[in-house]
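Student: Here it is, the structure in full.
Nothing in this text is a laboratory measurement; each read-out follows from the coordinates by a stated rule. Model, not experiment: these values are computed from the prediction. Glycine gets a Cβ as well: all are built from the backbone with ideal geometry, and neighbour counts include every protein chain shown.
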Amino acid sequence: MIIDKKQNSALYENLHPRFAKAFDFIHKTDFSTLADGKYVIENDDIFALVQEYHTKNKDLANLEAHRKYIDIQYIHSGTEIIGTATLEKQTIISNDLEKDVAFYEGDASFIKLESEMFAVFFPHDLHMPGIKLTQSIKVKKVVVKVGI
């Protein structure tokens, strides 16, 4: 897992052959005018999911992980808390191979992501996004999915 500010993304571009293109999309796109939806960057190898939503209570969320894609979760506007844990002995709740998502029960540590920050979650990094800090607020997030 990586957590940092957008201005530091160049530090991580060499960690994966597709990271430079993924971060380039984050830097060059005006997300304030982009509607929610899926945006193809490089076929099925890199695509972005733009989402606008209200943060929620922690008890309404589960830890999740992905096997085929690395998540780069970039906060365009707003602030949220994200739960994190390393995949170890958590209890699996459900697994949807077609959608590349598995949900887990287990303990998590929590971090705050603010506007212009990103988190990178690899397949062994469980994450619980979209949690409210003190009250529910609107967040605009871009999740760039990078094929393994």
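Student: Around ARG18, under 11 Å between beta carbons, what's the net of Lys plus Arg minus Asp minus Glu among the other residues?
Tutor: Result for the local shell: -2.
Student: From Cα coordinates alone, what are the radius of gyration and Dmax values for the stretch 69-148 in angstrom?
Tutor: Radius of gyration, then largest Cα-Cα span, for the stretch 69-148: 12.9, 35 Å.
Student: Sticking with this one: For LEU113, LEU133, LEU11, which order do you get if you count the other beta carbons within 10 Å of each Cβ and list the fewest first?
Tutor: Result, fewest neighbours first: LEU11, LEU133, LEU113.
Student: Here are labelled values, (i) 15.5, 55; (ii) 14.5, 42; (iii) 25.2, 102, and one is the computed Rg and Dmax of the Cα atoms in Å for what I pasted. Which one?
Tutor: Answer by label: (ii).
Student: Taking springs between alpha-carbon atoms closer than 10 angstrom, which of LYS99, LYS58, LYS138 fluctuates most in the Gaussian network model of the chain?
Tutor: For the chain, modelled as a Gaussian network with Cα springs under 10 Å, the answer is LYS99.
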